[in-house]
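Following: one structure in structure tokens, then a few remarks.
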Amino acid sequence: MQKRLRIFLDTSAILAGLNSPTGAAGVILSFCTARKAVAMISSQIIEEAERIIPIKFPKLDLAWTSFLLIPPEITQNPTLVDVKKAYALLPTNDAPILASAIKTKPDVLVTWNTMDFQRPSVLNAVPFPILTPGECLYWMRARGDSVI
């Protein structure tokens, strides 16, 4: 049996998928819901989503709860040393999320935050691709994953 793809999802990708179930991010969430892939998130992503959803996307509350019932794999919190190493690559408040992803070694990290996560310093330092949802679908198809 083929190992399930491990997809680390950033908050931006999750919210995009919940907002637009037929868009690329929504297809990825459906793929995870169908257990064709493992959705991976960190506690920082949960905290960020639960802070943002009531303010910016109050109608997504039920969809967010449903997403958590998949359930996604919640990664271990990174150590301070892990976060400092990630901060050297990505000196933003997303360093703990990058540290979590590096620590858990997903097959891919999916985000809409290309300005930060797709910096050459980050891309050259991590052992997995960092892709937008659309790029991830192309990547999955190229690997032979049945996406739709």
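Could you tell me which residue of region 87-97 is farthest from the chain's Cα centre (by Cα), considering only residues that are part of a helix (DSSP H, G or I), over 17 Å from residue 47 (Cβ atoms) and of a type in the set (A, V, I, L, M)? Break it down stepwise before answering.
The initial filter retains those residues of region 87-97 that are part of a helix (DSSP H, G or I), namely 87-89, 95-97.
Retained after the next criterion (residues that are over 17 Å from residue 47 (Cβ atoms)): 87-89.
Filter once more, so that each one left must be of a type in the set (A, V, I, L, M): 88-89.
Values: 88: 21, 89: 18 Å.
Within region 87-97, the match that is farthest from the chain's Cα centre (by Cα) is 88.
Of 121, 100, all but one fail to be out of contact with any Asp or Glu (no Cβ under 6 Å at 6 or more places or on another chain), at pLDDT below 95 and part of a helix (DSSP H, G or I); the exception is 121. The set of residues in region 29-41 that are farther than 12 Å from residue 68 by Cα and under 14 Å from the mean Cα position of the chain (by Cα) comprises 30, 31, 37, 38.
Within region 113-127, the residues that satisfy the criterion of being surrounded by fewer than 17 Cβ atoms within 10 Å (Cβ to Cβ) and either under 11 Å from residue 102 (Cα atoms) or acidic (Asp, Glu) (or both) are 125, 127.
Looking only at residues in region 1-29 that are β-branched (Val, Ile, Thr) and either in a helix (DSSP H, G or I) or free of Cβ contacts under 8 Å to residues at least 12 places away in the same chain (or both), the one that is nearest to residue 98 (Cα to Cα) is 11.
Condition first: among the aromatic types (Phe, Trp, Tyr), in a helix (DSSP H, G or I) and buried (at least 20 other Cβ atoms within 10 Å of the Cβ). Can you find one or more residues in region 42-64 that meet it?
Checked region 42-64: no residue is among the aromatic types (Phe, Trp, Tyr), in a helix (DSSP H, G or I) and buried (at least 20 other Cβ atoms within 10 Å of the Cβ).
Evaluation of residue 86 against the conditions (1) touching a residue at least 12 places away in the same chain (Cβ under 8 Å); (2) under 24 Å from residue 24 (Cα atoms) shows that the sole unmet condition is (2).
The values are calculated or read from the model by the stated rules, or taken from the named source; none is laboratory data. Bear in mind that the values here come from a model prediction, so they are computed numbers and not experimental data. Positions of Cβ are backbone-derived with ideal geometry, glycine not excepted, and every protein chain shown enters the neighbour counts.
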